[in-house]
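Presented below is the structure to which this report refers.
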Amino acid sequence: MWFYIQGILVLAMINIIAVLGVTVFTGFTGLFSLGHAAFIAAGAYTAAILTHFYGVDFYLALALGGLVAGLLSLVIGIPTLRAKLRSDYFAIATLGFGEAFKMILENMDITQGARGLPGITTYANIWNVTIITVLVVAVTANFVFSKYGRMAVAAREDYMAAEMMGINLFHVQLRSLFFSAVLAGIAGGLFAHYLGFIQPSLFTGSQSSMLVIAVVTGGMGSISGPILAALLFATIPEALRLANMWRMVTYGAVLVAIMVLRPQGILGYKEITFKGIAGLFRRNKPKNIVDSKGALS
Amino acid sequence: MANILETKNLTKFFGGIVACNDLSFNVEEGTIKGLIGPNGAGKTTIFNLVTGVYKPTGGEILFQGQPIGGRQPDYVVKAGITRTFQNIRLFKNLSLLENIVIALDLKNTDYHIFGALVRGLAVRRKEKDLRRKALEFLDIVGLADRPHDRADSLPYGLQRKLEIARALALEPRLLLLDEPAAGMNPEESLGLADLVRKVKVQFDLTVLLIEHHMDVVMELCDHIVVMNFGEKLAEGTPDEIQNHPAVLEAYLGEDYQRA
Amino acid sequence: MLLQTLVTGLAIGGIYALMAVGYSLVFSIMGFSNWAYGTIIMYGSYIGYYSLTKFGCPFWLALILSMFGGAALCVMNERIAYAPLRKRKAPSLFLMISAMGTAIFLENMVYVLIGAHYYSFPEVFQTQVFEVWGASIGILDLFAIVFSFTAIYALNYFINHTRLGIGIRAVSYDNTVAQINGVNLSWTIGLVFVLSGFLAGISGTFFGMKYMVYPTMGNITNKAFIAAVIGGLGSLPGAVIGGIILGVLESLVSVYVSSTYRDVFSFSFLIVLLIFLPLGLMGKNLEEKV
């Protein structure tokens, strides 16, 4: 039983790492990507090939996997972001990129094509995955609460005002993309070394969509929101024993429902903080009453 | 005094429409220059050309002697020109404090990405300083008492002031104000004029001002340029402009009396 | 050989053109990409298939049923998933996400209710083949080309020469001004989705007849999008041209380069095009007034 729960937690945490990347890219920078599965795949394959064929140390391989995924993101990022593609064009470009990359994986020798790579040593376990996840959460939070996070939010809120703040949109967007790809790559490496086996068909457009769904549901502009959403998505279907197909049907319906009823998601722009939870219990909230002249009354 | 801003034969076409035609004028350092003219004369276009939103079709723009025509907006801002918008472009969903902090980031955060990710003591201290400084800027426009309120919860007049504070936080040499008194009553307009005068002295700025409120213009400006149909109609001191026949006819109306 | 390739390309191009026009219609009115469009095309295909097989309808009836089925789905989609957002003036990103959710919902509904089988349309047209200048063209392809162009011509006439059509064009330029001039926004948008749905039904049926019917057909949205973008989003003639160009290009790539990489080519072509010609061939330039 513990083993079963462990399995769910490990996969949930690996998912959270990828979701955090997309949180920065979509939630905070406001760009919509449907091809992040390609970065997960890049990280997975790089790390797996390095440990399996070249005996590289696991943690080094993970880092290199993240790096390769990041570099890959520059390949699609630089031309498309420099061209200032608007959001739906950019989304389709990322989708196409994801599909194209999968096709390339299926036809390369070193990745053993569609058959995949079996026999990967399962270095990933609940302990190192937990530690890495905590580190990633901390790093992501630091990014968001630094000037880099603020520049991304400014770019998302009003691109022209952001430019008038001396913010270079291209640099900001590319930086967020790189960051999100590295995180996806690390998640991929962990995934490969937990499952012990990878093949291109594991890294689908569906997987990319799921990341976006977690971010939107959790709340764009929040870190704890998407983490919470990812946990819910990992655990609730298991608890309800939902068959795979109905799971996706539900996700689709949930996505529409959120957009129509509560577009800010579960937590919107907020985070789960101690102050916030205490606020839920406070009965008398201070009110700001401002009259038309702007004076406080 | 040197010219902080010069345009030479500046031209901008939008397809068949001539927004700006062979326009040449200068702004002397340390002055407040007014840019007036009827709606559609091309005033905001000038601002957009100077700040890099539009690329000039012809002519040059020089800032402190260096060409900036056709440069990206973020380059222009870093060079030392900031602006406010006719339609107010605050970060509406963010707080007052956050709006200022984003502006302060430009010149007050010299840490790098790795420093940010690790967030050691130096970075934390910088971040705290940032917030303290932001409150100072809010104080200049009298908004320091509610730093965490949403920017769009402010009444219109205060939003304009916040936008000015934000533009100041970028430490410019030249400040472009696009109709800052729009929508204000006479009392508020004079308050705004006071504010502009105060910050100009405090921050040692040069100001270029688009405005329709003639009382504000005549009050504040050392020198005025009048535009119509994308061209320069006249240039001179407030007195000269008020009595210039072409200007009176085109814009102020023949009934305008000097008080 | 080349002529044959071109002819095949033209046939599929006609179908892409239908899809691209349906897609572009919604884009020019609502200003966002309807990601769910492909799944509606897929439903059109299934409706056509089931009409022919389960209910034994004649072909013309199956086509009509798929047209109206597509229209019904499109309108329901709009009312449930897009209208509330539009009324709130939500950013187009939200509309896109809602569309994505709809697409996921619809696609997986087919999985759970029908299953993942691939279905083959029964032979409606005899496998007779015409010889034109050394190239052979099947009756199905010929019929598809003719029907597609007729449908597009009819749509073009409707939009340019009827009152309702002019209302649609007015809304595509400026919502508010159109309403001030007496155009009922909700009805007009509903009409646009009905038309879009008609096209989805027709193209879905033809596509299913030419290839097969399966749940992930929804991915065809991408082709529709690519074709619409080539021609320039917001331009209906552009969408037609884009569809034909895409069909012909794909055909050429399939035959002369490699058929496995055909889709990779389509996407790469799109990306390159967007970088160098962001407005496609005939797209509208929407510069923001600062």
Look at the stretch A:215-246 and say how many of its residues are buried (at least 24 other Cβ atoms within 10 Å of the Cβ) and in a helix (DSSP H, G or I). 9
So, A:MET151, is that one in a loop (DSSP other than H, G, I, E, B), in contact with a helix residue (DSSP H, G or I) (Cβ under 8 Å, 6 or more places away or on another chain), more than 14 Å from chain C (Cβ to nearest Cβ) and within 30 Å of B:ARG160 (Cβ to Cβ) or not? no
Within the stretch B:11-34, take every residue that is among the aromatic types (Phe, Trp, Tyr) and surrounded by fewer than 16 Cβ atoms within 10 Å (Cβ to Cβ) and give me the one that is nearest to B:MET227 (Cα to Cα). B:PHE13
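Each row is one residue, and each column tells you yes or no for (1) of a type in the set (Asp, Glu); (2) at pLDDT below 90; (3) closer than 22 Å to B:ARG166 by Cβ.
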| site | (1), (2), (3) |
| --- | --- |
| B:VAL53 | no, no, yes |
| B:PRO56 | no, no, no |
| B:GLN64 | no, no, no |
| B:ASP74 | yes, no, yes |
| B:LYS78 | no, no, yes |
| B:PHE91 | no, no, yes |
| B:SER95 | no, no, yes |
| B:ILE100 | no, no, yes |
Scan (1) part of a loop (DSSP other than H, G, I, E, B); (2) in contact (Cβ under 8 Å) with a residue 60 or more places away in the chain for the single condition B:PRO56 breaks and write down its number. (2)
Being aromatic (Phe, Trp, Tyr) and buried (at least 24 other Cβ atoms within 10 Å of the Cβ) is the filter here, so list the residues in the stretch A:17-47 that pass it. A:PHE25, A:PHE28, A:PHE39, A:TYR45
Exactly one condition in (1) within 14 Å of chain C (Cβ to nearest Cβ); (2) surrounded by fewer than 23 Cβ atoms within 10 Å (Cβ to Cβ); (3) at pLDDT 90 or above is false for A:VAL249; which is it? (3)
Within the stretch B:86-119, how many residues are closer than 18 Å to B:PHE137 by Cβ and either within 8 Å of another protein chain (Cβ to nearest Cβ) or among the polar types (S, T, N, Q) (or both)? 14
Farther than 30 Å from C:ALA90 by Cβ, part of a strand (DSSP E or B), among the hydrophobic types (A, V, I, L, M, F, W, C) and at pLDDT below 95: does that describe B:VAL123? no
Do any helices (runs of 4 or more DSSP H) entirely within the stretch C:71-185 hold 1 or more residues that are surrounded by fewer than 16 Cβ atoms within 10 Å (Cβ to Cβ) and either among the basic types (Lys, Arg) or within 14 Å of chain A (Cβ to nearest Cβ) (or both), and if so, which? C:83-87, C:92-113, C:163-173
Checked A:VAL212, A:VAL182 against criteria (within 12 Å of chain B (Cβ to nearest Cβ), assigned to a helix (DSSP H, G or I) and β-branched (Val, Ile, Thr)); the one match is A:VAL182
Take C:SER259 and decide whether it is outside any helix (DSSP H, G or I) and of a type in the set (S, T, N, Q). yes
(1) at negative phi; (2) part of a loop (DSSP other than H, G, I, E, B); (3) within 12 Å of another protein chain (Cβ to nearest Cβ): which one isn't true of A:LYS102, the others all being true? (2)
Of the candidates C:SER28, C:SER51, the one satisfying the condition of being in a helix (DSSP H, G or I) and in contact with a Cys (Cβ under 6 Å, 6 or more places away or on another chain) is C:SER51
Consider B:GLY37 carefully, then state whether it is surrounded by fewer than 20 Cβ atoms within 10 Å (Cβ to Cβ), at pLDDT below 95 and either more than 14 Å from chain A (Cβ to nearest Cβ) or touching a strand residue (DSSP E or B) at 6+ places or on another chain (Cβ under 6 Å) (or both). no
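The values are calculated or read from the model by the stated rules, or taken from the named source; none is laboratory data. Just so it is clear, the structure is predicted and the values come from calculations on it, not from any experiment. Ideal geometry is used to build each Cβ from the backbone, glycine not excepted, and the neighbour counts take in all protein chains shown.
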